[in-house]
Amino acid sequence: MKKRVPISQIMAKEVVSLNPVQTLYDAEDLFEKHKIRHLPVVDGENLIGVLSKSDLLRISYSELSDDEESVESMIFDAYTIPQVMTKTPVTVDSEATVRDVAEVFAKQSFHALPVVDHGKLVGMITTTDLINYLLDQY
């Protein structure tokens, strides 16, 4: 296995993101359209948070009803992205190694990390990216 491989070699560089004034409906549409589970929230190029699909599920199922669609509408209308997102996400820079990122994932309960260089979002790395890289090594 290669040693000291920078995460920039395996991270997603084309990142789908949200801005804080978009709605939870917009987030849900992006999750479905792009088949992703994590969206960085940016103000310009600056990362200000991360919204995960599980964040939406958590607030959607906080109230149960026979009419799922109306509950989801009420919830999505009641909250904003800044209220639901993780406001201080763990990040790595593009020079972090595959091992560095694997250690973060092994110790934490999340599955995606924004890659930030000098305050600017430059990519995302997920546990799936990491597993695919490791599989390629065999």
Next on the checklist: Please go through the range 29-40 and give me each residue that is closer than 15 Å to V115 by Cβ and either touching a residue at least 24 places away in the same chain (Cβ under 8 Å) or surrounded by fewer than 17 Cβ atoms within 10 Å (Cβ to Cβ) (or both), ordered by number.
Outcome noted: H38, P40
Checklist entry - What are the residues in the range 86-97 that are among the hydrophobic types (A, V, I, L, M, F, W, C) and either surrounded by fewer than 16 Cβ atoms within 10 Å (Cβ to Cβ) or at pLDDT below 95 (or both), if any? => result V90
Checklist entry - When you scan the range 71-98, how many residues do you find that are without any contact (Cβ under 8 Å) to a residue 60 or more places away in the chain, over 16 Å from P40 (Cβ atoms) and not in a loop (DSSP other than H, G, I, E, B)? => result 9
Checklist entry - List pairs: first in the range 9-25 and without any contact (Cβ under 8 Å) to a residue 24 or more places away in the chain, second surrounded by 15 or more Cβ atoms within 10 Å (Cβ to Cβ), Cβ under 7 Å, 6+ apart or cross-chain? => result V16/L30; V16/I36; V16/L39
Checklist entry - Across the range 13-28, what is the total count of residues that are closer than 28 Å to D136 by Cβ and either basic (K, R) or surrounded by 15 or more Cβ atoms within 10 Å (Cβ to Cβ) (or both)? => result 3
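The values are calculated or read from the model by the stated rules, or taken from the named source; none is laboratory data. On a predicted model such as this, the values are computed, not experimentally measured, just so you know. With ideal geometry, Cβ positions are generated from the backbone for all residues, glycine too; neighbour counts draw on all protein chains shown.
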